[in-house]
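The structure appears right after this line, and notes come after that.
The values are calculated or read from the model by the stated rules, or taken from the named source; none is laboratory data. Quick caveat: nothing in here was measured; it's all calculated off a predicted structure. Positions of Cβ are generated from backbone atoms using ideal geometry, with glycine treated the same way; all protein chains shown enter the neighbour counts.
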Amino acid sequence: EAGVTQFPSHSVIEKGQTVTLRCDPISGHDNLYWYRRVMGKEIKFLLHFVKESKQDESGMPNNRFLAERTGGTYSTLKVQPAELEDSGVYFCASSPLLAGVTDTQYFGPGTRLTVL
Amino acid sequence: AQTVTQSQPEMSVQEAETVTLSCTYDTSESNYYLFWYKQPPSRQMILVIRQEAYKQQNATENRFSVNFQKAAKSFSLKISDSQLGDTAMYFCAFMKDNNAGNMLTFGGGTRLMVKP
């Protein structure tokens, strides 16, 4: 079974440009999460999809960040326009949606974003 | 809001010895889960062990075990017979229990180096 995959693995862009990160969850996982780790700080939650719906987006830092999950499969996270403080590693995770069960989240390898 | 604290940014241990990583958390929730994740260098984060707060028995996975002290809000990870492959960043994480999906709250991580 394929794990969570993320693309690209690295992205270097200039301030003001746009970047789109992609996450493919494990097949059949309806829960999809985005997290971010800024250099030297904790991994922070950004948002949570259940299928195609945003369940919780309380961690999104501002309106320069837009996440989508059309069709409830893969998800994209767009940063527009990128700022220096957006640099960090963006992780995606997925888990099954099982009634009455809190399941483990499985993580992708992350996308390292550098904004110059 | 929940917080997770890992007080040891870096640790080292000799191969075959035992090491304990500390984690404390703060929450007003009564039902929750605690996790230890491991991220080896240049590789993705994987689950090491999880503990349900309602279970008094400490979780164990082969050489990995936890010391869960609910009253003290402490959740340490013990690695026995350390191996070179245990070299990694270790993250402690908390999740509220809502019988579905929920965000993880992470500590800052402990970088563990296993020396030959």
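Okay, here's what the table says:
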read-out: Verdict on A:Phe91 being free of Cβ contacts under 8 Å to residues at least 24 places away in the same chain and either within 14 Å of chain B (Cβ to nearest Cβ) or part of a strand (DSSP E or B) (or both); value: no
read-out: Which listed residue is among the polar types (S, T, N, Q) and modelled with pLDDT under 95, from B:Ser65, B:Ser22, B:Ser42, B:Ser7; value: B:Ser42
read-out: Residue in the stretch B:38-45 that is small (Gly, Ala, Ser), exposed (fewer than 15 other Cβ atoms within 10 Å of the Cβ) and touching a strand residue (DSSP E or B) at 6+ places or on another chain (Cβ under 9 Å) present; value: no
read-out: Condition met for A:Leu21 (within 12 Å of another protein chain (Cβ to nearest Cβ) and either within 14 Å of A:Ala93 (Cα to Cα) or without any contact (Cβ under 8 Å) to a residue 40 or more places away in the chain (or both)); value: no
read-out: Condition check for B:Thr24: under 18 Å from B:Thr105 (Cα atoms) and β-branched (Val, Ile, Thr); value: yes
read-out: Filter result (in a strand (DSSP E or B) and modelled with pLDDT of 95 or more) within the stretch A:17-31; value: A:Val19, A:Thr20, A:Leu21, A:Arg22, A:Cys23, A:Asp24
read-out: The listed residue being part of a loop (DSSP other than H, G, I, E, B), touching a strand residue (DSSP E or B) at 6+ places or on another chain (Cβ under 9 Å) and hydroxyl-bearing (Ser, Thr, Tyr), out of B:Ser65, B:Ser82; value: B:Ser82
read-out: Enumeration of residues in the stretch B:24-52 that are part of a loop (DSSP other than H, G, I, E, B) and either closer than 19 Å to B:Val114 by Cβ or within 11 Å of chain A (Cβ to nearest Cβ) (or both); value: B:Asn31, B:Pro40, B:Pro41, B:Ser42, B:Arg43, B:Gln44, B:Met45
read-out: Residue within the stretch A:66-79 that is within 13 Å of the chain's Cα centre (by Cα), crowded, with 16+ Cβ neighbours inside 10 Å and in contact (Cβ under 8 Å) with a residue 60 or more places away in the chain present; value: yes
read-out: Residue match in the stretch A:74-81 (condition: of a type in the set (Phe, Trp, Tyr) and closer than 23 Å to B:Gln2 by Cβ); value: no
